[in-house]
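Asker: Just dropping this structure here.
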Amino acid sequence: MDLSSTCKLSRLVGCFFTPLTCKCCLALVTIALFFRAIFLHSFSGYGVIKSNNLRLILSPSLHLESHEGIRGDKFLEVPQIVWGLNNQKIAFARACLTARMLNRTLLMPSLSASLFYKEIDLLHPISFDQVFQYERFNSLCNRFVRLGRYSDLGNQTGKYDLRKGSGRKWTVERDLEQLKQSSRGPIDKYQVISMAGKNPFLWHDHWPVKDYARVFECLVLVDEIAKEADKVVSKIRRIGRKLRSKTNFGAEGSSLSHAPYVAIHMRVEIDWMIHCKKLEQRSRISQICSSKQEIMERVGNIVGLGSTAIVYLAVADSLLNDSSILDGWKRGLVPFEKKKLGVDGIYKKHSYLIQSAIDYEVCSRADIFVGNSFSTFSSLIVLERTQRVIRMGITSSCGIDVRWPSYAYNIPGESNGPQKWMTNMSDSNLKAISYGSNAISC
């Protein structure tokens, strides 16, 4: 029997065995090829299905994970970011996530040092890197989003002006489609896409809370501002240690090295009360506004608070001369605001934006934080504190004492105290934690 005519395939692979062995080899190779075809077909089909599904999801970030990171030669430019500190942080994160969807580097935007937003000449632009650490941001957000400087630009392909739509007809779906079209084809060839029109805070939201949280974690204050916050926190704890040393709370050998404090974002100023009353009427929700008396009563009823505690009140400057906010607290709760604390001089040296950043840091570091669940300031603090708790492996505060607990005073909770509050990290967009009753008890 001619071995070459019986086992041609075997000869191709160097098969110099007996005819029986060769036939077995041929059978094994045939079976292997059959299963290989099925295997590849299955995975090919899965890949197509997965790709098609991702085109329908309103969270494009889910399919933008790249082992190569964000392109450093294509850029996105956005308008100056305005309004309050936390509105600006949300707007900045939304701009970052838009750039991520387009696989572009976000050109470092200007923030606004003042609260004015109608008078353009009063916006007082301030560079991002005067508030947050630029290099640190790119290091922490590496391969997720990327920030660039205008000095990184060349003049190879120029700039494309992309105007965001507006009005009721400009739906979330149309906005998303515009972004998709801008991520490919002729528009993507431009080195810079410049978003014209509305402040990014007003853009449609396509990203889940967890993506915003990842960007927020990369925002680290510059040393100058962080040190100012250190001074305020140190003053609060120093007073707390003195207070503990004079009471039974600090006796019986308990350590005085760490004096815990409660921070309350107390929204009772006139303009807020007018705003929240209108919001209650429009939304038909009664748990938005809280009176000073209601806040005091609920904070005093926090389970496990202890018999003595120092309370830092983060209040609007308009209330610093209103001594009534310091009166009427439950016995053992000792309230301070920046003026009584003697740190108002630290704040006065800085613009509105920096003052807000200092207060945000003081509240964020508190052992217990109490805020209003319809306040963006309070909501972002709780988001940050929730992230810390999650990193410790805790996903719910129900039935347990967690470190860095947060509460919403506008919603009644256990023993007529404020409701426990953790951010729902599974929310599909940020709207729920920007203007929503999202205080989650467990």
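The values are calculated or read from the model by the stated rules, or taken from the named source; none is laboratory data. Computed from a predicted model, the values in this text were never measured in an experiment. All Cβ positions, glycine included, derive from the backbone under ideal geometry; neighbour counts span all protein chains shown. Quick note on the areas: whole protein, heavy atoms, side chains included, nothing else; ligands and nucleic acids left out. Shrake-Rupley method; radii C 1.70, N 1.55, O 1.52, S 1.80 Å.
Asker: Are there any pairs with C-beta distances below 6 angstrom linking a residue in the range 419-438 that is farther than 23 Å from residue 84 by Cβ and modelled with pLDDT of 90 or more to a residue that is surrounded by fewer than 16 Cβ atoms within 10 Å (Cβ to Cβ) and polar (S, T, N, Q), with the two at least 6 apart or on different chains, and if so which?
Answerer: Close Cβ pairs satisfying both conditions: 419/441; 420/441.
Asker: In contact with a Pro (Cβ under 7 Å, 6 or more places away or on another chain) and among the hydrophobic types (A, V, I, L, M, F, W, C): is that true of residue 272 in this structure? I'd like the intermediate steps shown before the answer.
Answerer: Working: in contact with a Pro (Cβ under 7 Å, 6 or more places away or on another chain): no; among the hydrophobic types (A, V, I, L, M, F, W, C): yes.
Against the criterion (in contact with a Pro (Cβ under 7 Å, 6 or more places away or on another chain) and among the hydrophobic types (A, V, I, L, M, F, W, C)), residue 272 does not qualify.
Asker: While we're here: Within the range 329-350, count every residue that is over 27 Å from residue 305 (Cα atoms) and buried (at least 17 other Cβ atoms within 10 Å of the Cβ).
Answerer: 2
Asker: Counting just the residues of the range 216-238 that are of a type in the set (Val, Ile, Thr) and either over 16 Å from residue 364 (Cβ atoms) or not in a helix (DSSP H, G or I) (or both), which one comes out most open to solvent (accessible area, probe 1.4 Å)?
Answerer: 220
Asker: Given the options 168, 146, name the one that is under 26 Å from residue 83 (Cα atoms), charged (D, E, K, R) and free of Cβ contacts under 8 Å to residues at least 60 places away in the same chain. Lay out the reasoning, then the answer.
Answerer: Values: 146 fails: free of Cβ contacts under 8 Å to residues at least 60 places away in the same chain.
Exactly one residue qualifies, and that residue is 168.
Asker: While we're looking at this one, here's another question. Of the numbered conditions (1) closer than 24 Å to residue 240 by Cα; (2) among the aromatic types (Phe, Trp, Tyr); (3) out of contact with any Pro (no Cβ under 7 Å at 6 or more places or on another chain), residue 374 fails exactly one; give the number of that condition.
Answerer: Here residue 374 clears every test but (1).
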